[in-house]
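Student: Can you read through this structure? Questions will come right after.
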Amino acid sequence: MDTVREPGDRSRPLIHLESVSHTYRSLTGRPVRALAGVSLSIQAGEVFGVAGPNGAGKTTLIALLLGYLEPTDGVLRIDGLAPRAFVQRNGIGYVSELIAIPPRWKLTEALTRYAILAGVPRADRARRVGEVVELLGLGEHRDKRAKQLSKGNLQRLGLAQALLRDDQVLILDEPTHGLDPVWTQRFRDVVEALRRPGRVIFIASHNLDELERLADRVAIIDKGAIQRLVEPRARAGSSAATSPYILSVTATEDVVKAAFPDAVARGDGEYELAARSPSDLNAALAVLIQRGGLVRSLRPAHSLLEQHFREAVSE
């Protein structure tokens, strides 16, 4: 019999998958395995990211978490319950990749309707709608119809509806899709404001930079399986292979080549350098400086998460 987590119980993860697989049937009846033996535990309090190429299995994983599908094999539990039972009892905040809202609904009307559907008590609806409107910066658009909203504002409206119930589990599928650079940055602040010890925020995204900034851990999925589980913030002692570097320097190309024979010019004094150990890198930089080169900057060509992603998907 399924059991329910007591408040403050950290004896088991909030979300747990054990050897979860899901197989579809194609139109011709051929079996297509979308997920294959996924095992994963997500603790309450985590911001958990998922990245992968198109067709990797991310959408199927989200459908399983929401209870739209059931595993073909394996066990999936949210707080000790099957996903559909958890959703029926507690609800889940969900933002889909594509936001579809009836075009004639006004913004506050839409949020009020969604609050009713989400079971927000009548006495709390106006307050909750006001809070999410303020959180997502939608105040100036209150009286606009959905068809009048830009793609980015429609995306923020979708985020707002997902936050109406203050749910224990939030699943955000491509949440920054369509957001302008300003609101892409503000989204980070929104996620940090939503963090709390008893909540899981699950983010699926192609934006590796955002996942690296936001997530405590990121699962890289490809071919229906988790290829790597990365802790983006644990840079020290990372086992990831050394990334290529981008060197910005004031020097002639022959001076740069004397220190870094493999350097590839990118223009404006920038060169791409092949991966090398810290000792080899510092030795080459010493040669560069001795020959009169002035180093403006040196940075990895790829972020830690991007490097892991490249390696995992190529493998």
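Just so it is clear, none of the values below were taken in a lab; they were calculated from the coordinates. Every value quoted in this text rests on a predicted model; they were computed, and no experiment measured them. FYI the Cβ positions are ideal-geometry reconstructions off the backbone, even for glycines, and counts take in every protein chain you see.
Student: Would you kindly calculate the translational diffusion coefficient of region 24-81, applying Stokes-Einstein with the Kirkwood radius from alpha carbon pairs, for 25 °C and a viscosity of 0.890 mPa s, and quote it in µm² s⁻¹ without decimals? Mind dumping the intermediate values first?
Tutor: Details: Rh = 13.1 Å.
Translational D for this selection: 187 µm²/s.
Student: Could you check which residue among Asn90, Asn54, Asn282 shows the biggest mean-square fluctuation in a GNM of the chain with a 10 Å Cα cutoff?
Tutor: In this elastic network of the chain, the residue with the biggest mean-square fluctuation among Asn90, Asn54, Asn282 is Asn282.
Student: To the nearest 20 Debye, how big is the dipole of the chain about its Cα centre, given +1 on the beta carbon of each Lys and Arg and -1 on that of each Asp and Glu? List each step's numbers first, then the result.
Tutor: On the way: 42 positive and 38 negative charges, 216 e Å.
Magnitude of the dipole: close to 1040 debye.
Student: Roughly how many debye, to the nearest 20, is the charge dipole of region 245-314 about its Cα centre, given +1 on each Lys and Arg Cβ, -1 on each Asp and Glu Cβ, and no other charges?
Tutor: That gives region 245-314 a dipole magnitude of about 140 debye.
Student: So, R0 is 30 Å and r is the distance between the beta-carbons of Lys147 and Arg186; what FRET efficiency does that work out to, to 0.05?
Tutor: Efficiency for this residue pair is about 0.80.
Student: Go ahead and set up a Gaussian network model of the chain, Cα springs under 10 Å, then flag whichever of Gly224, Gly292, Gly29 fluctuates most.
Tutor: Checking each option, the largest mean-square fluctuation is seen for Gly29.
Student: Moving on to the next point. Please work out the ratio of the alpha-carbon Rg of region 48-108 to 2.2 N^0.38 Å and round it to two decimals.
Tutor: On the way: Rg = 14.4 Å, N = 61, 2.2 N^0.38 = 10.5 Å.
Against the compact-globule rule of thumb, the ratio is 1.37.
Student: Give me a comma-separated list of calculated 3J(HN,Hα) values for region 15-21, in order, Karplus coefficients 6.51, -1.76, 1.60 applied at θ = phi - 60°, integers in Hz, x for any Gly or Pro.
Tutor: 10, 9, 10, 10, 6, 7, 10
Student: Which FRET efficiency value, to the nearest 0.05, do you get for Ile116 and Arg30 by plugging their Cβ-Cβ distance into 1/(1 + (r/R0)^6) with R0 = 51 Å?
Tutor: 0.75
Student: I want to check the label-to-label distance for Ala123 and Arg310. Put each point 7 Å from Cα in the C-beta direction and report it in nm to one decimal.
Tutor: Those two pseudo-labels are separated by 5.8 nm.
Student: Taking only DSSP H segments of four or more residues, each worth -39500 (n - 2.57), what value at 222 nm results for the chain once the sum is divided by all its residues, to the nearest 500 deg cm²/dmol?
Tutor: The helix contribution divided over the chain gives -10000 deg cm²/dmol.
Student: Going 7 Å from the Cα of Lys223 along its beta-carbon direction, which residues of region 49-64 have the amide nitrogen within less than 20 Å of the resulting point?
Tutor: Those under the cut-off are 51-61.
Student: How long, wide and thick is the chain, going by the Cα atoms along their three principal axes, in whole angstroms, largest first?
Tutor: Sorted from largest, the Cα extents of the chain read 74, 48, 47 Å.
Student: What is the list of residues in region 290-308 whose amide nitrogen lies under 17 Å from a point 7 angstrom out from the Cα of Ala275, following Cα to Cβ?
Tutor: Answer for this model: 299-308.
Student: Another question, then. In which sequence would Tyr94, Tyr114, Tyr24 go, from the one with the fewest C-beta neighbours within 10 Å to the one with the most?
Tutor: With the fewest neighbours first, Tyr94, Tyr114, Tyr24 line up as Tyr24, Tyr94, Tyr114.
Student: Relative contact order of region 245-314: what whole-number percent is it, with Cα pairs under 8 angstrom and at least 6 residues apart?
Tutor: Reported as a whole number, the value is 45 percent.
Student: Treating the Cα atoms of region 245-314 as identical point scatterers in vacuum, please give the log10 of the normalised Debye intensity I(q)/I(0) at q = 0.16, 0.26 Å⁻¹, two decimals.
Tutor: Evaluating at q = 0.16, 0.26 Å⁻¹ gives log10 I(q)/I(0) of -0.54, -1.18.
Student: A further question follows. Hey, rough spin-label estimate for Glu231 and Val264, points 7 angstrom out along Cα→Cβ, what's it come to in nanometres?
Tutor: The answer from the label model is 3.3 nm.
Student: Once you have the Kirkwood Rh of region 39-179 from its Cα pairs, apply Stokes-Einstein at 4 °C and 1.567 mPa s and quote D in µm²/s.
Tutor: Here the translational diffusion coefficient equals 80 µm²/s.
Student: At q = 0.15, 0.18, 0.22 Å⁻¹, what is the base-10 log of I(q)/I(0) for region 133-248 according to the Debye formula with one equal point scatterer per Cα and no solvent? Please give it to two decimals.
Tutor: So the normalised log intensities are -0.79, -1.03, -1.35.
Student: Still on this structure: Among Ala115, Gly91, Leu273, flag the residue with its Cα farthest along the positive direction of the charge dipole of the chain, charges on Cβ as +1 for Lys/Arg and -1 for Asp/Glu.
Tutor: Result: Ala115.
Student: I need the calculated FRET efficiency for the pair Ser248 and Asn54, taking r as the beta carbon distance and R₀ as 25 Å, to the nearest 0.05.
Tutor: For Ser248 and Asn54, the calculated efficiency is 0.15.
Student: When the chain is modelled as a GNM with alpha-carbon springs shorter than 10 Å, which of Asp166, Asp254, Asp143 fluctuates the most?
Tutor: For the chain, modelled as a Gaussian network with Cα springs under 10 Å, the answer is Asp254.
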